[in-house]
Amino acid sequence: MIAEPPLPGPPLDCPLCPRLAAFRVQNRTVHPEFHNAPVASFGPRDAQLLIVGLAPGLKGANRTGRPFTGDYAGDLLYRTLLAFGLAAGSYERRPDDGLSLRGCRITNAVRCVPPENKPLPAEVRTCGTFLAGEIRGLTNLKAILALGRIAHDSVLAALGCRPSAFRFGHGTTHDLPDGLRLIDSYHCSRYNTQTGVLTEAMFRDAVATARQSVTPAAVPTGQRSRG
Ligand code: SF4
């Protein structure tokens, strides 16, 4: 089978956000073994579901180079995707663990790690160019699961939708004008789960809603019944 070419994304030395580019350079000095570059999306090009997070965590995706891999948020996300048949294999917090995604793909609103996990609005807007390209490039896309308000707003901006027409709310589903469905969840961060903002049951419900937007044929037989 011929592998599909990757969707265009930012170069490893993307200079468009000076603050984040400087932070990458700083991190290369402190943690030379880390990825320390924009983190590419993960998952098949024919995905029907796109999961959009906020940004790489310093010692998570920024370290390993795969979205949500290596920190608490990834533990919850990948455990849930495996339970719903949206992933196969085993998740071992490293990019060579053999885990694959089924019918879904994961990206971030901001591809570079921001200081204190807080991208500036201008950085979110700038990297939105790549999110828009990602969404345009996924020709089978039916639904997007936005993890957090910034991801929600970034998706709307990428699609040219008015934020006031689609307000963020955990568990809320929005039918967008172009036929895409947007499902909101609080971000599956350690902070949100430790403070009780998001329980594992709440997160499972949001993923279940998103899962229903993917046609059964998109998830291989034998992977469908655990959710
Ligand atoms: S956050 Fe996005 S736009 Fe900004 S420097 Fe990184 S890859 Fe480039």
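Every number here is computed from the coordinates shown, using simple stated rules; none is lab data. Keep in mind that what you see is a predicted model, and the values were worked out from it rather than measured. Every residue, glycine among them, receives a Cβ derived from its backbone with ideal geometry; neighbour counts consider all protein chains shown.
Tabulated data for the structure shown
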quantity	calculated
Contact order relative to length of segment 1-68, as percent, for alpha carbon pairs under 8 angstrom and 6 or more apart	31 percent
Other-chain or far-sequence residues with amide H under 5 Å of Ile144's (modelled H)	Leu50, Arg181, Leu182, Ile183
Order of Asp96, Asp46 - criterion: other Cβ atoms within 10 Å of each residue's Cβ, fewest first	Asp96, Asp46
Within the chain: Cβ-based charge dipole about Cα centre, in debye rounded to nearest 20 (Lys, Arg +1; Asp, Glu -1)	120 debye
Gyration tensor (Cα) of segment 36-216, equivalent ellipsoid semi-axes in angstrom	21, 19, 17
Over the chain: helical MRE at 222 nm, DSSP H runs n ≥ 4 each giving -39500 (n - 2.57), nearest 500	-10000 deg cm²/dmol
Neighbour-count ranking [beta-carbon atoms within 10 angstrom, fewest first] of Arg93, Arg162	Arg162, Arg93
Neighbour-count order for Val39, Val197, fewest beta carbons within 10 angstrom listed first	Val197, Val39
Computed Rg/Rh of segment 102-208, alpha carbon atoms with Kirkwood Rh	0.94
Contour minus Cα-Cα distance for Arg136 and Ala208 (0.36 nm per residue)	23.5 nm
Residue among Pro56, Pro163, Pro177 with the largest mean-square fluctuation in a Gaussian network model of the chain, springs linking Cα atoms under 10 Å	Pro177
